[in-house]
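Participant: Have a look at this one.
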Amino acid sequence: MKEKLELVRKEALAALAEVSASDALEALRVKYLGKKGELTAVLKQMGKLSAEERPVIGQLANEVRAKLEAAIESRAQQLANEAMAARLLSETVDVTIPGETRKLGSQHPMYQVLDELKDIFIGMGFEVVEDREVELAAYNFDRLNEKEGHPAREWTDTFYFTEDSSILLRTQTSPMQIHVMERQKPPIRMVAPGRVYRKDEVDATHSPMFHQVEGMVIDKGITMADLKGTLSEVARQLYGEDTVTRFRPHHFPFTEPSCEMDIQCYKCHGAGCPTCKGEGWIELLGAGMVHPTVLEGCGIDPDVYSGWAFGFGLERLALAYFKISDLRLIFENDVRFLEQF
Ligand code: PHE
């Protein structure tokens, strides 16, 4: 029996050396150490031994069992280590390889200027409102005192939807004055940015779609001094403390008196240069005191309330702000251009 035990040990250890997978290892354990295993089979014959032989063989059998168990355990550990090593190798990440760069957009320069403007006006207690771009001629023209026959109402200048010229793409943000006065009682302080449309050919200074920002204040005791003070302060906050403004008389049907505001050229400070076309000044916006007829048309008593309004082209403002020379760059959305701001 002693030989038999030695044989089992030798065979098992030899087989163990060949094992290269954990399931095969388990099969091997069952084959030798399991209930119906070879070692157990040998031990079952212990009864046939003499009293002297029994403890000797018993001890040897225990040794063989212990030896095989230890060998299987260590082989299992070895296989687990090998598996881990292989996994680490297959899952290696080279952290020195440059990552995939993600293309990020950037905010459009015109909207940067708009955000800054909104901040300035909100800081002065104005509310930002936005509304429709398809308008009734009543709001875009009539109620703004732009009567039938006004040149801006020509089919050559305006995009109409209907033969009777009653529905159109708004040509200015001024109809927002009417919408806001219709739904809100004074005091009113609002700015309304948005797209407007005119039948213009595309060139360096024109586009059939562009943006305007409208503004309006209605309250008791509002005067031209409020208009000049507020708009000059906006110009200073936008272009810098030393910005000089001037107001020239002008005409708009919906304001009386009307004016245009210029800023002194930021390049030549009034001396005259190509940027201001030798003028020394750059025209910025149209404005004026809201016409009593317009107030009345919205149910606001012009003997109690007064107010002022302004409107300007946002692209033009952004061009001046960033010293860009061609309006088309604003619309082309070439990332190489937009990234610079
Ligand atoms: N809507 C005028 C324009 O498009 C600008 C303006 C707005 C003038 C408000 C006066 C008051 O030219």
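Participant: Identify, by number, the condition in (1) more than 16 Å from the ligand (Cβ to nearest atom); (2) surrounded by 14 or more Cβ atoms within 10 Å (Cβ to Cβ); (3) at pLDDT 95 or above that residue 239 doesn't meet.
Facilitator: (3)
Participant: Looking only at the range 153-181, how many residues end up being touching a Phe, Trp or Tyr at 6+ places or on another chain (Cβ under 9 Å) and touching a residue at least 60 places away in the same chain (Cβ under 8 Å)?
Facilitator: 3
Participant: Taking helices (runs of 4 or more DSSP H) that do not extend beyond the range 258-341, which have at least 2 residues that are over 34 Å from the mean Cα position of the chain (by Cα) and in contact (Cβ under 8 Å) with a residue 24 or more places away in the chain? Steps first, answer last, please.
Facilitator: Working: elements: 292-297, 314-322, 328-332, 335-338.
Ranges flagged: 292-297.
Participant: Here's a follow-up. Could you tell me whether the range 47-60 includes any residue that is under 17 Å from residue 17 (Cα atoms), part of a helix (DSSP H, G or I) and either of a type in the set (Lys, Arg) or at pLDDT below 85 (or both)?
Facilitator: No: the range 47-60 contains no residue that is under 17 Å from residue 17 (Cα atoms), part of a helix (DSSP H, G or I) and either of a type in the set (Lys, Arg) or at pLDDT below 85 (or both).
Participant: Restricting attention to the range 141-174, which residues are more than 33 Å from the chain's Cα centre (by Cα), outside any loop (DSSP other than H, G, I, E, B) and within 14 Å of the ligand (Cβ to nearest atom)? Working first, answer last.
Facilitator: Kept after step one, since they are more than 33 Å from the chain's Cα centre (by Cα), are these residues of the range 141-174: 141-158, 160-167.
Filter again for outside any loop (DSSP other than H, G, I, E, B), leaving 142-144, 151-153, 160, 167.
Of everything in the range 141-174, those that are more than 33 Å from the chain's Cα centre (by Cα), outside any loop (DSSP other than H, G, I, E, B) and within 14 Å of the ligand (Cβ to nearest atom) turn out to be 143, 144, 151, 152, 153.
Participant: Would you mind telling me which numbered condition in (1) touching a residue at least 60 places away in the same chain (Cβ under 8 Å); (2) within 14 Å of the ligand (Cβ to nearest atom); (3) more than 14 Å from residue 132 (Cα to Cα) residue 198 fails?
Facilitator: Checking residue 198 against (1) touching a residue at least 60 places away in the same chain (Cβ under 8 Å); (2) within 14 Å of the ligand (Cβ to nearest atom); (3) more than 14 Å from residue 132 (Cα to Cα), the one that fails is (1).
Participant: Now for a different question. Which ones in the range 220-257 are of a type in the set (D, E, K, R) and either touching a Lys or Arg at 6+ places or on another chain (Cβ under 8 Å) or in a loop (DSSP other than H, G, I, E, B) (or both)?
Facilitator: Within the range 220-257, the first condition is being of a type in the set (D, E, K, R), and the residues that meet it are 220, 226, 228, 233, 236, 241-242, 246, 248, 256.
Passing the criteria: 220, 241, 242.
Participant: In this structure, is residue 78 surrounded by 11 or more Cβ atoms within 10 Å (Cβ to Cβ), outside any loop (DSSP other than H, G, I, E, B) and touching a helix residue (DSSP H, G or I) at 6+ places or on another chain (Cβ under 9 Å)? Let's see the steps before the verdict.
Facilitator: Values: surrounded by 11 or more Cβ atoms within 10 Å (Cβ to Cβ): yes; outside any loop (DSSP other than H, G, I, E, B): yes; touching a helix residue (DSSP H, G or I) at 6+ places or on another chain (Cβ under 9 Å): no.
Taking the combined requirement at face value, the residue does not satisfy it.
Participant: Condition (residue is of a type in the set (Asp, Glu), within 16 Å of the ligand (Cβ to nearest atom) and closer than 13 Å to residue 191 by Cβ) applied to the range 123-132: is it met by at least one residue? Lay out the reasoning, then the answer.
Facilitator: Quick first cut of the range 123-132, residues of a type in the set (Asp, Glu) only: 127, 130-131.
Then drop every residue that is not within 16 Å of the ligand (Cβ to nearest atom), which leaves 131.
Add one more test, that the residue is closer than 13 Å to residue 191 by Cβ, and what stays is 131.
Yes, there is a match, as at least one residue in the range 123-132 is of a type in the set (Asp, Glu), within 16 Å of the ligand (Cβ to nearest atom) and closer than 13 Å to residue 191 by Cβ.
Participant: For the range 282-307, name all the residues that are surrounded by fewer than 17 Cβ atoms within 10 Å (Cβ to Cβ) and polar (S, T, N, Q).
Facilitator: 293
Participant: May I pose another question? Quick one: is residue 234 of a type in the set (A, V, I, L, M, F, W, C), within 30 Å of residue 187 (Cβ to Cβ), under 30 Å from the mean Cα position of the chain (by Cα) and within 11 Å of the ligand (Cβ to nearest atom)?
Facilitator: Working: of a type in the set (A, V, I, L, M, F, W, C): yes; within 30 Å of residue 187 (Cβ to Cβ): yes; under 30 Å from the mean Cα position of the chain (by Cα): yes; within 11 Å of the ligand (Cβ to nearest atom): no.
No, not satisfied.
Participant: Quick check on my filter: what residues within the range 208-231 are within 14 Å of the ligand (Cβ to nearest atom) and either hydroxyl-bearing (Ser, Thr, Tyr) or not assigned by TED's automatic domain parsing to the domain that holds residue 327 (or both)?
Facilitator: The answer is 230, and nothing else.
Participant: Okay, moving on. Go through the range 182-194 residue by residue and tally those that are touching a residue at least 60 places away in the same chain (Cβ under 8 Å) and surrounded by 14 or more Cβ atoms within 10 Å (Cβ to Cβ).
Facilitator: Count: 8.
Participant: A follow-up question, please. Kindly indicate whether residue 205 is within 29 Å of residue 276 (Cβ to Cβ), open to solvent by less than 20 Å² (accessible area, probe 1.4 Å), out of contact with any Pro (no Cβ under 6 Å at 6 or more places or on another chain) and part of a loop (DSSP other than H, G, I, E, B). Spell out how you get there, then give the answer.
Facilitator: Values: within 29 Å of residue 276 (Cβ to Cβ): yes; open to solvent by less than 20 Å² (accessible area, probe 1.4 Å): no; out of contact with any Pro (no Cβ under 6 Å at 6 or more places or on another chain): yes; part of a loop (DSSP other than H, G, I, E, B): yes.
Answer is no for this residue.
Participant: Please find, among 119, 131, 115, 142, the residue that is open to solvent by 40 Å² or more (accessible area, probe 1.4 Å), of a type in the set (D, E, K, R) and modelled with pLDDT under 95.
Facilitator: Details: 119 fails: modelled with pLDDT under 95; 115 fails: modelled with pLDDT under 95; 142 fails: modelled with pLDDT under 95.
Only one candidate passes the filter, namely 131.
Participant: Name the single residue that is surrounded by the most Cβ atoms within 10 Å (Cβ to Cβ) among those in the range 15-40 being among the charged types (D, E, K, R) and within 60 Å of the chain's Cα centre (by Cα). Working first, answer last.
Facilitator: Restricting attention to the range 15-40, the residues satisfying the condition of being among the charged types (D, E, K, R) are 18, 23, 26, 29, 31, 35-36, 38.
Checking which are within 60 Å of the chain's Cα centre (by Cα) leaves us with 23, 26.
Numbers: 23: 8, 26: 14.
For the range 15-40, the residue satisfying everything is 26.
The values are calculated or read from the model by the stated rules, or taken from the named source; none is laboratory data. Worth saying up front: this structure is predicted, and the values here are computed from it rather than measured. All Cβ positions, glycine included, derive from the backbone under ideal geometry; neighbour counts span all protein chains shown. Accessible surface areas use protein heavy atoms only, side chains included; no ligands, DNA or RNA. Shrake-Rupley method; radii C 1.70, N 1.55, O 1.52, S 1.80 Å.
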